[in-house]
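**Student:** Got a structure for you, questions after.
Where a number appears in this text, it was derived from the coordinates with a stated rule and is not lab data. No experiment lies behind these values; they were computed from the predicted model shown. Note: ideal-geometry Cβ built from the backbone for every residue, glycine included; neighbour counts use all protein chains shown.
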Amino acid sequence: MATSTLTTCPYCGVGCGVAATPSNVTGDESHPANQGRLCVKGSALHETLVPNGRLLRPRVAGEDKSWPEALAAVSGAIRDSVAQHGPGSVALYLSGQLLTEDYYVANKLAKGFIGTPHVDTNSRLCMSAAVAAHKRTFGEDCVPGCYEDLELADLLVLTGSNAAWAHPILYQRMHAARRAGRRVVVIDPRRTATADLADLHLKLKPGTDTVLFNGLLAWLVQHNAISPSYIAQHCSGFEETLACAQDVAPSVVSVAAQCDLAEADVERFYCWYADTPRTVTAFSQGINQAVAGTDNCNAIINCHLATGRIGQPGASPFSLTGQPNAMGGREVGGLANTLAAHMEYDTPGAREQLAEFWGTDQLPEAPGYKAVELFEAVHRGDIKVLWIMGTNPAVSLPDSARVREALASCPTVIVSDCMANTDTTALANILLPAAGWGEKDGTVTNSERCISRQRSFLPLSSAARPDWQILASVACELGYARAFQYECPADIFREHAALSALACRVSEGRQIFDIGALAQLTETQYNQLEPTQWPVTLDDVGVLEGASRLFSDGCFATDDGRARLVPIPAGRPRQSVTPRYPFVVNTGRIRDQWHTMTRTALVSRLLTHRQEPSIEIHPDDAFRLNVSDGTLCQLTGPGPKPFLGRARLTLDQRLGEVFIPIHWSGRFASQSVATNLIAAVTDPLSGQPESKHGIASLHSL
Ligand code: SF4
């Protein structure tokens with residue numbers, strides 16, 4: 001029997017540890033995230049280790065090529081584009097599926113040596129609003145709490161999160177923590193599987209989250225349920241924030257009317273919040289994927305600051321990250337508006353110090369395009385070379401028909417992927433076979449800042465290579481070999497860790513993200529690295545120590561050390577229903593699929609839960625339109641393409657709203673791409689698309 005390798009699941013941001021062999025996967029009992037548990041997707045991982053659909057050789061213009069030929073084509077396209085149009089004509093679009101080491105090398109090559117600021121990631125679509133909110137209030141992108149807090153909380157508020165399906169193991173932990181006196185409030189326009197856990201489900205009108213949480217702040221003040229001493233010692237901006245909250249949501253009556261909720265339910269939520277010092281508010285895509293996404297997050301955090309519930313056992317706001325390594329990408333600077341290692345473009349001294357550290361004079365001076373802007377720049381013809389790694393933007397970005405137009409018109413589209421036939425690879429000029437899960441080796445960081453090793457236990461398939469190696473090879477072709485002399489992922493990790501320490505010095509000690517203590521790991525120590533939450537320090541006897549919680553002492557990463565409460569206006573969705581498009585379209589995950597199904601669709605048992613695209617609709621709406629359960633229906637929005645699916649009649653939906661899954665791509669069901677109904681409108685602060693609020697009409701076929 002093969003010995004199992006301890007590694008991590010490549011799907012969601014819970015970041016479960018698994019013990020894997022080529023023919024079996026079980027939960028890693030020693031991993032703090034899951035303690036041996038696995039969800040159905042994780043437990044089917046070994047069934048995805050099949051050659052079906054793998055990209056096994058480099059291809060250029062549709063023909064199989066050798067690696068030297070492919071690398072010459074990639075570097076030639078980049079070199080020519082920079083020479084003719086400048087470095088800003090080259091862009092990289094990365095993925096929360098990449099390992100931190102891959103991400104680090106991509107960011108370094110693009111910003112440090114090609115000199116383009118246009119490096120963004122599909123993580124923009126899932127958590128950039130939380131990032132922007134953390135920076136606004138804490139001074140840095142930091143999640144203050146840990147998973148244990150979800151169990152310790154006496155009041156758990158889950159808002160915009162169907163954790164039962166999207167973060168199943170965390171949901172299991174929350175479920176197991178049920179005990180006398182513990183309460184759960186679920187805030188979601190739909191009654192999802194997560195609402196089964198709820199003592200109170202607030203089925204609010206979509207887009208009214210800022211009203212609900214502004215109302216909570218105003219109510220807490222009115223009922224003397226805030227912490228004046230915490231505010232006085234550790235916060236700024238309270239008076240302006242309160243004035244704004246009182247203006248937006250002056251009373252429970254007003255909140256109930258604006259959010260379309262019963263007054264008694266609003267009052268009950270507010271009373272429970274006031275009475276429960278150990279409160280965690282966990283939020284996810286229902287909060288983030290909105291034009292007011294950053295404001296939504298800050299409205300939640302404001303209430304925690306006003307009550308002093310930050311970084312305490314069982315008391316914190318908590319952003320549930322979508323992807324397995326969205327946070328690792330944030331650490332290296334894989335967002336277009338950050339530089340590297342949590343340093344911003346406007347961090348004093350950051351560019352100079354980073355240039356010296358990397359040994360370059362090519363660093364861009366200003367942030368680049370965020371995801372939606374980036375593909376619009378491709379459409380305009382401003383980007384001549386686009387390198388996409390480990391993601392499928394032809395399906396996942398809003399207004400995907402326009403994204404496909406952009407890709408089709410771009411002179412050079414390079415795609416690194418382990419799968420050969422995605423909607424995006426179909427539009428590429430150059431395909432580079434990347435190592436897949438089980439072959440890759442490096443680290444990931446989950447939603448609670450926990451860095452874990454993702455270890456390889458399979459040989460590389462055919463000509464596939466790790467992403468970091470492909471990137472370093474291109475860097476060498478471009479003449480930057482001296483800065484990309486990596487023998488193994490440990491070399492990259494040590495450099496990444498050392499850069500975090502430099503960033504802390506640049507910030508004069510204010511920066512929280514610090515893994516400098518890991519910069520001297522030997523390869524053996526790296527290979528044996530236990531899951532560790534950053535920031536990481538060495539204790540007196542040289543033992544590594546992680547940090548479960550941040551800001552417990554009330555000191556934040558801002559210039560004055562105080563957390564900033566942020567006045568939040570009433571946010572409203574950009575698109576409103578009209579007589580022509582009378583339905584609000586909500587999008588999201590289903591239980592057993594992941595992203596655009598390139599891996600999970602390989603497992604037949606994962607298709608049994610939901611076999612085809614569906615449109616969930618309230619029975620009264622269906623009756624009015626003469627639609628029965630199972631009727632094939634079409635949703636038509638303002639965009640050029642509709643969405644086809646079978647009606648699922650359910651009282652879980654509010655009247656006038658439908659829900660569709662995000663997973664089906666053009667490859668599986670060309671008329672059922674959810675992003676055809678999502679306009680390319682974004683939160684002005686974070687650039688996160690409004691993926692929870694399309695508009696459409698519905699008719700049966
Ligand atoms: Fe994988 Fe997420 Fe399931 Fe854990 S909860 S096994 S990380 S998909």
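**Student:** Please list 3J(HN,Hα) in residue order for the stretch 351-363, calculated via the Karplus relation 6.51 cos²θ - 1.76 cosθ + 1.60 where θ = phi - 60°; whole Hz, with x for glycine and proline.
**Tutor:** For the stretch 351-363, the Karplus-derived couplings read 4, 5, 5, 5, 4, 5, 4, 7, x, 9, 10, 9, 4 Hz, x marking Gly and Pro.
**Student:** Could you run the Karplus curve 6.51 cos²θ - 1.76 cosθ + 1.60 with θ = phi - 60° over the stretch 322-327 and give me ³J(HN,Hα) per residue in whole Hz, x for Gly and Pro?
**Tutor:** Running phi through 6.51 cos²θ - 1.76 cosθ + 1.60 with θ = phi - 60° gives x, 9, x, 9, 4, 6 Hz.
**Student:** Which value, in debye to the nearest 20, describes the size of the charge dipole of the stretch 583-700 about its Cα centre when Lys and Arg Cβ atoms bear +1, Asp and Glu Cβ atoms bear -1, and nothing else is charged?
**Tutor:** For this selection, approximately 400 debye.
**Student:** With unit charges on the beta carbons (Lys and Arg positive, Asp and Glu negative) and the dipole taken about the Cα centre of the stretch 542-701, which residue among SER628, THR675, GLY546 sits farthest to the positive side?
**Tutor:** Highest projection toward the positive end goes to SER628.
**Student:** With contacts defined as alpha carbon pairs under 8 Å and 6 or more residues apart, what's the relative contact order of the stretch 128-320 in percent? Walk me through the numbers before you get to the answer.
**Tutor:** Details: 335 pairs, mean separation 65.0, N = 193.
Across the stretch 128-320, relative contact order equals 34 percent.
**Student:** Then there is this: Have a look at the stretch 128-320 and give its Rg and Dmax from the Cα atoms, expressed in angstrom.
**Tutor:** Rg then Dmax for the stretch 128-320, in Å: 15.0, 41.
**Student:** Considering only the other residues whose Cβ falls under 10 Å of the Cβ of ALA420, what net charge follows from Lys and Arg at +1 and Asp and Glu at -1? Display every interim value, and only then the final one.
**Tutor:** Values: positive: ARG54, ARG57, ARG59; negative: ASP417.
Around ALA420, the charge tally is +2.
**Student:** Here's another thing I want to ask about it. With n ≥ 4 as the cut-off for DSSP H runs, can you work out [θ] at 222 nm for the chain, using -39500 (n - 2.57) per run divided by the number of residues, rounded to the nearest 500?
**Tutor:** After summing the helix terms and dividing by the residues of the chain, the value is -8500 deg cm²/dmol.
**Student:** For a quick protection proxy, order the peptides 88-97, 555-564, 468-477, 70-79 by their average other-Cβ count within 10 Å, most packed first.
**Tutor:** Details: 88-97: 26.5, 555-564: 18.2, 468-477: 22.8, 70-79: 19.8.
Sorting 88-97, 555-564, 468-477, 70-79 by mean packing, highest first, produces 88-97, 468-477, 70-79, 555-564.
**Student:** So what is the relative contact order of the stretch 583-700, in percent, for Cα pairs below 8 Å that sit 6 or more residues apart?
**Tutor:** 36
**Student:** Share of antiparallel DSSP beta bridges in the chain, in percent to the nearest 5?
**Tutor:** So the antiparallel bridges in the chain amount to around 45 percent.
**Student:** Right, here's the next one. Calculate the length of the line joining the C-alpha centroid of the stretch 206-220 to that of the stretch 525-581, in whole Å.
**Tutor:** 22
**Student:** Using packing as a proxy for protection, rank 378-387, 147-156, 301-310 so that the peptide with the highest average count of other Cβ atoms within 10 Å comes first.
**Tutor:** Top to bottom by mean Cβ count within 10 Å: 301-310, 147-156, 378-387.
**Student:** Considering amide H positions built from the backbone, and no H for Pro or chain starts, which residues 5 or more places from THR281, or on another chain, come under 5 Å of its amide H?
**Tutor:** VAL157, SER316, PHE318
**Student:** Kirkwood hydrodynamic radius (Cα pairs, Å) of the stretch 563-657? Write out the running numbers ahead of the final one.
**Tutor:** Numbers: mean 1/r = 0.0630 Å⁻¹.
It works out to 15.9 Å.
**Student:** Per residue of the stretch 543-557, what does 6.51 cos²θ - 1.76 cosθ + 1.60 with θ = phi - 60° give for ³J(HN,Hα)? Whole Hz please, x for Gly and Pro, Karplus curve as stated.
**Tutor:** 8, 5, 10, x, 10, 5, 10, 10, 6, 4, 8, x, 9, 10, 8
**Student:** Over the chain, what number does the Rg to Rh ratio reach, with both radii from the alpha-carbon atoms and Rh per Kirkwood?
**Tutor:** With Rh from the inverse mean 1/r over Cα pairs, Rg/Rh is 0.95.
**Student:** OK, next. Given contacts defined as C-alpha pairs under 8 Å and at least six residues apart, what's the relative contact order of the chain, whole-number percent?
**Tutor:** Working: 1683 pairs, mean separation 139.0, N = 701.
With pairs under 8 Å counted, the relative contact order is 20 percent.
**Student:** Based on alpha-carbon centroids, what's the gap between the stretch 247-325 and the stretch 106-148 in Å, whole number please?
**Tutor:** 23
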